[in-house]
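Worksheet: the structure to be examined is printed underneath.
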Amino acid sequence: MREPGQPSLDQLRVFVAVIDAGGFAHAARQLHRTQSVISYTIANLEEQLNVVLLDRGKRKPTLTDAGKALLADARAVALKVDGMRARAKALAGGLEAEVSVVVDVMFPTCVLVRILEAFQAQFPTVALRLRIEAMGAVAQLVMDGSCHIGLGGWMTATASVFERLAVGHVRLIPVAAPSHALAQLEDPIASNVAREHVQLVLSDRSDLTQGQDFGVLGLRNWRLGDLGSKHALLRAGLGWGNMPEAMVREDLTQGRLVHLPLAVDKGENYPIYLIQRADTPPGQAGKWLTERFAEQLPLLEQVF
């Protein structure tokens, strides 16, 4: 049996059109061609592939088993080419191929999802590379050029490298499980009492804040690189620590966590800044994304 030949893109598009339109005549009108041209194109495609794609013995052409199997491939090829043409058109018009974003783990996920949904609808041809990091790691990735845009707490040591814009703040509150020893105490809880208990602390995976502690009171602490893990350990009663209020609001309502009335740390605002390198401004899609983040200040204040 001879090897299949090389079908053309036009042949594949005609094949898909015949099926979608429901026959040769309808496909001919849709593609502005004669019915004989459509029939000839399908016949040539079958000759190229060395298989029969359509059963012509009925009033309406129906797919053979081979046609059913190859129709999905024909659609995939056509869609890939259409996507390639759209991306090429966007690149020719000055639209970047990819935007990379790093977001602080404290940033509210619900707000991030809404912005990225709008971004995908606005720029379907632009790839998005998203990183979720903590503290100085956000600034580190923007500073070394790994990410174009950052949303995170401001690091004063790198002020000369970035342009920054305040977009809101996250309210952090000290919490623990109801079974935890600190939750059994009368308020206010003195700092010398709180520091005797294990504090769960979010760890920075960058070198920018190496040796620095933020909001650490406990003499004994567990360093964690993931906010989700910290949340789970807090609910298990393995320590106490500060968490975004919005993230634990349901836990507080349901009694899975309690707000600790510490005498010196009743809660604090964690600022969120939009940061980018001054020497590498974003392209069209990146600029649109930064503008959407900048517009979230009122929304963030409602969330927190």
Given the criteria within 30 Å of LEU95 (Cβ to Cβ), modelled with pLDDT under 85 and among the aliphatic types (A, V, I, L, M), does ALA263 qualify? no
Quick test for you: out of ALA97, ALA78, ALA17, pick the one residue that is over 30 Å from LEU151 (Cβ atoms), at pLDDT below 85 and small (Gly, Ala, Ser). ALA78
Give me the residue from the stretch 238-288 that is in a helix (DSSP H, G or I) and open to solvent by less than 10 Å² (accessible area, probe 1.4 Å) and, out of that set, farthest from HIS180 (Cα to Cα). ALA285
Strands (runs of 3 or more DSSP E) completely within the stretch 104-188 that count 1 or more residues being surrounded by fewer than 19 Cβ atoms within 10 Å (Cβ to Cβ) and not acidic (Asp, Glu): 127-133, 162-176
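Residues are listed down the side, and each one gets a yes or a no for (1) under 27 Å from the mean Cα position of the chain (by Cα); (2) at pLDDT below 85; (3) among the β-branched types (Val, Ile, Thr):
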{"position": "GLY215", "(1), (2), (3)": "no, yes, no"}
{"position": "LEU227", "(1), (2), (3)": "yes, no, no"}
{"position": "LEU234", "(1), (2), (3)": "yes, no, no"}
{"position": "TRP240", "(1), (2), (3)": "no, no, no"}
{"position": "GLU245", "(1), (2), (3)": "yes, no, no"}
{"position": "GLU250", "(1), (2), (3)": "yes, no, no"}
{"position": "THR253", "(1), (2), (3)": "no, no, yes"}
{"position": "ILE275", "(1), (2), (3)": "yes, no, yes"}
{"position": "PHE293", "(1), (2), (3)": "yes, no, no"}
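The values are calculated or read from the model by the stated rules, or taken from the named source; none is laboratory data. In this text the structure is predicted, and so the values were computed from the model without any measurement. For neighbour counting, all protein chains shown are included, and Cβ atoms are generated from backbone atoms with ideal geometry for every residue, glycine included. Protein only, heavy atoms only, side chains kept; ligands, DNA and RNA dropped before computing areas. Shrake-Rupley method; radii C 1.70, N 1.55, O 1.52, S 1.80 Å.
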